[in-house]
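Novice: Starting off with a structure, shown below.
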Amino acid sequence: MPEEKKQVSTKPAAAPEKTQETEEKAIALKPLRFSAAPHLRDADNVPKIMWDVVIATLPAVLAGVYFFGFYAVKVLLITTISALFFDWAGMKLLGNRGSLFDGSAVVTGVLLAMNLPSSAPWWLCVVGGAIAMILGKQCYGGLGNNLFNPALVSRVALLIAWPSAMTTFYKAGNIFSQVTAVSEPTPMGVMKVEMMSNGTVIAAKGISIWDMFVGNIGGSLGEVSGLALVIGGVYLLLRKRITWHIPVIYVGTVFLMTGIFYLINPDKYINPVFHVVGGGLLLGAIFMATDMVTTPVTKSGMIIFGIGCGVIAVIIRLFGSYPEGVSFSILFMNALTPLIDKVTIPKPFGAIKEVANG
Amino acid sequence: MIVLSKRTFRGGVHPHEYKELSEEKPIEKAKIPEKVVLPLSQNLGAPAKALVEVGAEVKIGQKIADAGGFVSVPLHAPISGKVTSIGNFLHPNGHLAPCIVIEKGDGPQEMELKEVKGWEKLAKDKVLDAVKEAGLVGFGGATFPTHVKLSPPKDKPIDTIILNGAECEPFLTADHRLMLEQPEGIVEGLKILMKITGAKQGIIGIENNKMDAAKALADTIGDDKDIKVVVVKVKYPQGGEKQLIKSVLNREVPPPPGLPMDVGVVVQNVGTAVAVYEAVRYNKPFIERVVTVSGRGVKESKNLMVRIGTLMADLVDQCGGVTDDVDKIIMGGPMMGLSQFDLTVPAVKGTSGILIMRNGDTQTYEEQTCIKCGRCVQACPMKLVPNMLVKLVDNGRFEEAEQMNAMSCIECGSCSFACPAKIWLVQKIKYAKAEINARRKKAS
């Protein structure tokens with residue numbers, strides 16, 4: 001074996017490839033893949049997460065279509081298409097990484113549509129999609145880099161720019177009889193007007209809790225049915241796309257705080273159940289406050305985030321001039337998220353013990 | 001006695017196990033190789049210093065390289081034959097490293113094991129010497145010299161020895177088979193380890209997917225009150241030293257430079273325990289170990305008793321060769337093991353497995369953007385925040401990464417495994433650790 005001899009001389013083997021050539025028992029191998037450990041990866045990926053959120057919105061979307069018929073379909077389609085287009089345009093314009101098919105633009109589009117009234121004109125939907133994707137997402141550098149929830153940025157911008165278009169809600173009908181374009185204030189709106197004008201909540205008390213829970217009320221097209229939203233939330237929980245922390249603590253804080261006010265003065269403040277199902281709280285808590293990108297990563301951070309959202313939403317609802325405080329509360333806490341992340345960095349393994357000993 | 005532990009460490013992941021490929025296969029003696037390639041650096045710390053020259057005839061078990069310092073171990077000839085070369089060859093870590101090459105000769109190829117008289121009553125330092133002279137390093141893969149681990153400073157009393165039989169890496173079954181087939185060696189080894197360190201308690205930690213091994217060990221232990229088997233949850237990285245201590249004893253090892261001895265514990269692999277026993281009783285040096293050869297790319301998965309320095313090609317041959325669509329070869333487990341260029345690399349003291357992976361068995365992806373899902377944070381068994389660390393590393397902010405405890409990382413890879421955006425988390429943290437170490441060296 002002269003070749004073999006050469007290889008095992010005192011001279012260092014020149015290069016790994018050479019060793020392979022001269023190796024007596026070299027097994028012919030195709031070029032091998034070479035990479036750093038770990039060599040196994042979980043099968044989950046970002047598109048799967050995003051499409052799961054889209055699936056989770058389906059019950060509420062279908063409820064919206066049921067109650068508002070064609071109007072809801074129109075808003076959903078235009079908003080989603082607009083979001084996709086402007087996401088693509090923003091990526092091209094700003095040179096950001098990302099893919100149109102990772103589902104993130106669809107999630108934002110659908111969530112934005114769920115936050116719009118079914119009466120929204122087509123141009124409002126188009127502008128909404130543009131604001132969400134360009135100002136809310138791509139300006140920050142694209143997926144994963146935005147500080148605020150893009151759908152909420154857009155919703156609030158539209159609310160300030162076109163307040164009347166954003167607060168004209170159609171009366172819920174159902175898709176099988178004709179849905180008429182008759183407007184009806186939301187339960188939260190009814191309550192606010194009453195509170196502001198004469199400091200009572202008598203008319204608001206007349207609205208059936210059951211109607212509010214199933215969604216037979218005026219409101220944004222995705223927020224009306226608490227039942228459908230909860231079904232979507234349970235799906236997200238089961239698929240481990242969200243944890244219970246933010247939704248439960250957010251809703252719990254609102255329930256607790258409004259409950260205290262209700263006990264103090266039931267004539268002036270409405271009961272806490274009304275607060276939970278009467279407005280956008282469930283939509284916000286289950287879908288908007290659980291957006292991974294704009295919320296804390298640690299459990300303790302999530303708890304702080306949930307409490308903060310709850311407190312701000314209640315303060316705006318009870319003492320502010322807007323009937324609804326959910327969007328503002330989440331955006332406010334979004335701004336605090338980097339700070340929350342920073343203060344809730346977990347103590348590394350073993351660190352606590354060291355402090356105790358030292 | 002078997003104790004089921006309800007406690008476990010926080011974090012971790014659950015990769016598919018793939019242990020069924022080889023867990024039923026009894027340990028088989030590998031053929032004596034025609035040639036062995038022995039890197040001088042097979043242990044953590046200083047490399048060994050060669051004692052032989054090219055052309056020297058060596059006998060099996062003969063010391064061919066001496067320890068290069070305190071944190072170093074000697075090296076022994078795993079076969080009888082002739083030293084044909086001393087030079088640079090491919091090491092499993094991917095570098096060319098100085099190696100001694102021995103070609104098989106006519107001498108005996110099996111060690112003659114003679115019992116050391118009065119081995120049961122040897123003094124502590126004599127036992128330690130035997131361990132050191134045998135060239136023992138940890139069998140788990142980190143290859144830390146065993147005698148160093150067994151020589152804690154006086155102010156750090158050891159009360160417990162934990163034998164690590166968790167074997168949490170997918171595919172690997174070498175420790176599992178060893179526990180089933182040589183429980184006596186393991187228990188005897190544990191007793192010796194307890195004696196050297198003065199530990200009152202001995203614990204063998206096993207994941208609950210290996211109940212047969214737990215039972216075999218418990219039967220061997222019998223009525224001994226000081227030794228017990230503790231069964232812990234299947235979860236990667238349960239076999240991490242610090243994680244196992246947490247799961248078994250509920251003690252947390254302080255962050256680096258903290259060591260298990262700071263909480264009164266020494267952890268050794270079950271394979272190391274057998275080697276310690278054989279070193280003390282028979283003066284048997286570290287010349288062979290169990291290696292799992294597995295993966296869908298090899299015809300038949302096996303657990304082989306392998307002479308150190310045997311080339312991977314020889315071992316794969318004995319398993320029926322490889323399939324045509326081999327895509328990746330890993331030395332070690334799939335979570336922490338090293339990717340290899342080819343099969344001319346020798347099995348070394350720290351080699352617990354050789355995995356031949358076919359197309360699609362392993363995954364590498366392009367990085368996508370972080371969506372801050374927090375899965376790496378939940379997965380990290382050291383309670384680090386990998387996504388933030390990696391953002392710092394990406395921007396070259398190593399000081400801040402150090403402040404965020406980058407050095408605590410045990411490089412288990414759970415974060416990278418869990419990441420849905422396929423970001424190279426552990427890889428970048430490893431890079432940060434190397435960079436921080438280099439800067440510390442420069443500063444001192």
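Novice: List every residue pair whose Cβ atoms sit under 8 Å apart, with the two residues 6 or more apart in sequence or on different chains, where the first one lies in the stretch B:162-187 and is aromatic (Phe, Trp, Tyr) and the second, anywhere, is buried (at least 24 other Cβ atoms within 10 Å of the Cβ) and part of a strand (DSSP E or B).
Specialist: Hits for this filter: B:Phe171/B:Thr292; B:Phe171/B:Ser294; B:Phe171/B:Gly353; B:Phe171/B:Leu355.
Novice: Could you please find all residues in the stretch A:302-358 being within 12 Å of chain B (Cβ to nearest Cβ), part of a helix (DSSP H, G or I), surrounded by 15 or more Cβ atoms within 10 Å (Cβ to Cβ) and modelled with pLDDT under 95?
Specialist: Residues satisfying the conditions are A:Asp341, A:Ala351, A:Lys353, A:Glu354.
Novice: Hey, can you tell me all the residues within the stretch B:413-428 that are open to solvent by 10 Å² or more (accessible area, probe 1.4 Å) and more than 7 Å from every other protein chain (Cβ to nearest Cβ)?
Specialist: Answer for the stretch B:413-428, where residues must be open to solvent by 10 Å² or more (accessible area, probe 1.4 Å) and more than 7 Å from every other protein chain (Cβ to nearest Cβ): B:Cys415, B:Cys419, B:Ile423, B:Trp424, B:Lys428.
Novice: Among B:Asp317, B:Asp262, B:Asp324, which is in a loop (DSSP other than H, G, I, E, B), within 14 Å of another protein chain (Cβ to nearest Cβ) and over 18 Å from the mean Cα position of the chain (by Cα)?
Specialist: Working: B:Asp317 fails: in a loop (DSSP other than H, G, I, E, B); B:Asp262 fails: in a loop (DSSP other than H, G, I, E, B).
That would be B:Asp324, the only listed residue that is in a loop (DSSP other than H, G, I, E, B), within 14 Å of another protein chain (Cβ to nearest Cβ) and over 18 Å from the mean Cα position of the chain (by Cα).
Novice: Which condition does B:Ile79 not pass, out of (1) closer than 29 Å to B:Ile329 by Cα; (2) more than 14 Å from chain A (Cβ to nearest Cβ); (3) under 21 Å from the mean Cα position of the chain (by Cα); (4) buried (at least 21 other Cβ atoms within 10 Å of the Cβ), if it passes all the others?
Specialist: (3)
Novice: I'd like the full set of residues that are of a type in the set (S, T, N, Q) and under 19 Å from the mean Cα position of the chain (by Cα), limited to the stretch B:275-314.
Specialist: Step one: list which residues in the stretch B:275-314 are of a type in the set (S, T, N, Q), which gives B:283, B:292, B:294, B:301, B:303, B:310.
If the condition is that a residue be of a type in the set (S, T, N, Q) and under 19 Å from the mean Cα position of the chain (by Cα), then B:Thr292, B:Ser294, B:Asn303, B:Thr310 are the ones that fit.
Novice: Follow-up. Is it fair to say B:Pro381 is of a type outside the set (Gly, Ala, Ser), buried (at least 23 other Cβ atoms within 10 Å of the Cβ) and closer than 16 Å to B:Leu21 by Cα? Reasoning before the result, please.
Specialist: On the way: of a type outside the set (Gly, Ala, Ser): yes; buried (at least 23 other Cβ atoms within 10 Å of the Cβ): yes; closer than 16 Å to B:Leu21 by Cα: no.
The answer is no for B:Pro381.
Novice: From the list A:Ala120, A:Ala113, which one is outside any helix (DSSP H, G or I), open to solvent by less than 20 Å² (accessible area, probe 1.4 Å) and more than 23 Å from A:Ala335 (Cβ to Cβ)? Outline the logic, then answer.
Specialist: On the way: A:Ala113 fails: outside any helix (DSSP H, G or I).
Only one candidate qualifies: A:Ala120.
Novice: Further, regarding this structure: State which residue is least open to solvent (accessible area, probe 1.4 Å) when the search covers only the stretch B:159-192 and only residues that are assigned to a loop (DSSP other than H, G, I, E, B) and closer than 22 Å to B:Arg251 by Cβ.
Specialist: The initial filter retains those residues of the stretch B:159-192 that are assigned to a loop (DSSP other than H, G, I, E, B), namely B:159, B:166-173, B:182.
Narrowing further to those that are closer than 22 Å to B:Arg251 by Cβ: B:159, B:166-168.
Details: B:Asp159: 60, B:Ala166: 0, B:Glu167: 19, B:Cys168: 26 Å².
Per the criteria, the residue is B:Ala166.
Novice: Right, something else. Please state which of the following conditions B:Ile354 fails to meet, knowing it meets all the rest: (1) closer than 30 Å to B:Val293 by Cα; (2) at the interface with chain A (Cβ under 10 Å from one of its Cβ atoms).
Specialist: With respect to (1) closer than 30 Å to B:Val293 by Cα; (2) at the interface with chain A (Cβ under 10 Å from one of its Cβ atoms), B:Ile354 is out only on (2).
Novice: Before we move on, is A:Asn145 among the polar types (S, T, N, Q) and open to solvent by 20 Å² or more (accessible area, probe 1.4 Å)? Spell out the reasoning first.
Specialist: Values: among the polar types (S, T, N, Q): yes; open to solvent by 20 Å² or more (accessible area, probe 1.4 Å): yes.
Yes: the conditions hold for A:Asn145.
Novice: Right, here's the next one. From A:Ile270, A:Ile286, grab the single residue that is open to solvent by less than 30 Å² (accessible area, probe 1.4 Å), modelled with pLDDT under 95, away from chain B (no Cβ under 14 Å) and out of contact with any strand residue (DSSP E or B) (no Cβ under 7 Å at 6 or more places or on another chain). Outline the logic, then answer.
Specialist: Details: A:Ile286 fails: modelled with pLDDT under 95.
Just a single option satisfies the conditions, and that option is A:Ile270.
Novice: Sort through B:Lys195, B:Lys242, B:Lys215, B:Lys156 and tell me the only one that's part of a helix (DSSP H, G or I), open to solvent by 20 Å² or more (accessible area, probe 1.4 Å) and closer than 25 Å to A:Lys347 by Cα. Talk me through it step by step, then tell me what you get.
Specialist: On the way: B:Lys195 fails: closer than 25 Å to A:Lys347 by Cα; B:Lys215 fails: closer than 25 Å to A:Lys347 by Cα; B:Lys156 fails: part of a helix (DSSP H, G or I).
That would be B:Lys242, the only listed residue that is part of a helix (DSSP H, G or I), open to solvent by 20 Å² or more (accessible area, probe 1.4 Å) and closer than 25 Å to A:Lys347 by Cα.
For (1) modelled with pLDDT under 95; (2) open to solvent by 50 Å² or more (accessible area, probe 1.4 Å); (3) under 20 Å from B:Leu172 (Cβ atoms), each residue gets a yes or a no:
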position	(1), (2), (3)
B:Ile27	no, no, yes
B:Ala30	no, no, yes
B:Pro33	no, no, no
B:Leu38	no, no, no
B:Gln42	yes, no, yes
B:Leu51	no, yes, no
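Listed here are the residues, each with its yes/no results for (1) touching a strand residue (DSSP E or B) at 6+ places or on another chain (Cβ under 7 Å); (2) without any contact (Cβ under 8 Å) to a residue 60 or more places away in the chain; (3) within 25 Å of B:Pro26 (Cα to Cα); (4) within 11 Å of another protein chain (Cβ to nearest Cβ).
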site: B:Pro346; (1), (2), (3), (4): yes, no, yes, no
site: B:Asn359; (1), (2), (3), (4): yes, yes, no, yes
site: B:Gln363; (1), (2), (3), (4): no, yes, no, yes
site: B:Ile371; (1), (2), (3), (4): no, yes, no, yes
site: B:Arg375; (1), (2), (3), (4): no, yes, no, yes
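Novice: Additional query: Considering only residues that are within 19 Å of B:Gly332 (Cα to Cα) and either modelled with pLDDT under 90 or not β-branched (Val, Ile, Thr) (or both), which ones fall in the stretch B:355-379?
Specialist: We begin by selecting, within the stretch B:355-379, every residue within 19 Å of B:Gly332 (Cα to Cα); these are B:355-364.
Within the stretch B:355-379, B:Leu355, B:Met357, B:Arg358, B:Asn359, B:Gly360, B:Asp361, B:Thr362, B:Gln363, B:Thr364 meet the criteria.
Novice: When you scan the stretch B:377-412, how many residues do you find that are within 19 Å of A:Asn145 (Cβ to Cβ), at the interface with chain A (Cβ under 9 Å from one of its Cβ atoms) and not hydrophobic (A, V, I, L, M, F, W, C)?
Specialist: Residues that pass the stated criteria total 1.
Novice: Going by the conditions given, is A:Val297 at the interface with another protein chain (Cβ under 10 Å from one of its Cβ atoms), in contact with a Cys (Cβ under 9 Å, 6 or more places away or on another chain) and at pLDDT below 95?
Specialist: Working: at the interface with another protein chain (Cβ under 10 Å from one of its Cβ atoms): yes; in contact with a Cys (Cβ under 9 Å, 6 or more places away or on another chain): yes; at pLDDT below 95: yes.
Considered against the rule, which asks whether it is at the interface with another protein chain (Cβ under 10 Å from one of its Cβ atoms), in contact with a Cys (Cβ under 9 Å, 6 or more places away or on another chain) and at pLDDT below 95, A:Val297 comes out as yes.
Novice: B:Lys117 passes all but one of (1) in a helix (DSSP H, G or I); (2) without any contact (Cβ under 8 Å) to a residue 12 or more places away in the chain; (3) under 22 Å from B:Gln62 (Cα atoms); which number fails?
Specialist: (1)
Novice: β-branched (Val, Ile, Thr) and modelled with pLDDT under 95 - does that describe any residue in the stretch B:228-240? Can you show your working first?
Specialist: Keep residues of the stretch B:228-240 that are β-branched (Val, Ile, Thr), which gives B:229-232, B:234.
Those left that are additionally modelled with pLDDT under 95: none.
Among the residues of the stretch B:228-240, not one is β-branched (Val, Ile, Thr) and modelled with pLDDT under 95, which makes the answer no.
Novice: For A:Ala105, state whether it is closer than 27 Å to A:Pro338 by Cα, outside any loop (DSSP other than H, G, I, E, B), without any contact (Cβ under 8 Å) to a residue 40 or more places away in the chain and within 14 Å of chain B (Cβ to nearest Cβ).
Specialist: Working: closer than 27 Å to A:Pro338 by Cα: yes; outside any loop (DSSP other than H, G, I, E, B): yes; without any contact (Cβ under 8 Å) to a residue 40 or more places away in the chain: yes; within 14 Å of chain B (Cβ to nearest Cβ): yes.
Spelling it out, A:Ala105 is indeed closer than 27 Å to A:Pro338 by Cα, outside any loop (DSSP other than H, G, I, E, B), without any contact (Cβ under 8 Å) to a residue 40 or more places away in the chain and within 14 Å of chain B (Cβ to nearest Cβ).
Novice: Which pairs have Cβ atoms under 6 Å, sit 6 or more apart or on different chains, and link a residue in the stretch A:33-47 that is more than 7 Å from every other protein chain (Cβ to nearest Cβ) and at pLDDT 95 or above to one that is open to solvent by 10 Å² or more (accessible area, probe 1.4 Å) and not in a loop (DSSP other than H, G, I, E, B)?
Specialist: Final answer for the pair search is none.
Novice: Residue pairs, Cβ under 6 Å, 6 or more apart or interchain, first in the stretch B:231-245 and basic (Lys, Arg), second open to solvent by 10 Å² or more (accessible area, probe 1.4 Å). List them.
Specialist: Qualifying pairs under 6 Å: B:Lys233/B:Thr8; B:Lys235/B:Gly12.
Novice: Go through (1) within 11 Å of another protein chain (Cβ to nearest Cβ); (2) open to solvent by 10 Å² or more (accessible area, probe 1.4 Å); (3) in contact with a Gly (Cβ under 9 Å, 6 or more places away or on another chain) and name the single condition B:Lys299 misses.
Specialist: Looking at each condition in turn, B:Lys299 falls short on (1).
Novice: Which one is nearest to B:Val345 (Cα to Cα) among residues in the stretch B:20-67 that are free of Cβ contacts under 8 Å to residues at least 24 places away in the same chain and not hydrophobic (A, V, I, L, M, F, W, C)?
Specialist: Within the stretch B:20-67, the subset free of Cβ contacts under 8 Å to residues at least 24 places away in the same chain is B:20, B:24, B:49, B:51, B:62, B:66.
Add one more test, that the residue is not hydrophobic (A, V, I, L, M, F, W, C), and what stays is B:20, B:24, B:49, B:62, B:66.
Details: B:Glu20: 26, B:Glu24: 27, B:Lys49: 21, B:Gln62: 23, B:Asp66: 23 Å.
Only one residue tops the list, namely B:Lys49.
Novice: Among the residues of the stretch B:383-403, is any small (Gly, Ala, Ser) and within 26 Å of the chain's Cα centre (by Cα)?
Specialist: no
The values are calculated or read from the model by the stated rules, or taken from the named source; none is laboratory data. The shown structure was predicted, so the numbers you read here are calculated from the model rather than taken from an experiment. Heads up, the Cβs are rebuilt from the backbone with ideal geometry, glycines too, and the neighbour counts pull from every protein chain shown. The area values use the complete protein model at the heavy-atom level, side chains included, leaving out ligands, DNA and RNA. Shrake-Rupley method; radii C 1.70, N 1.55, O 1.52, S 1.80 Å.
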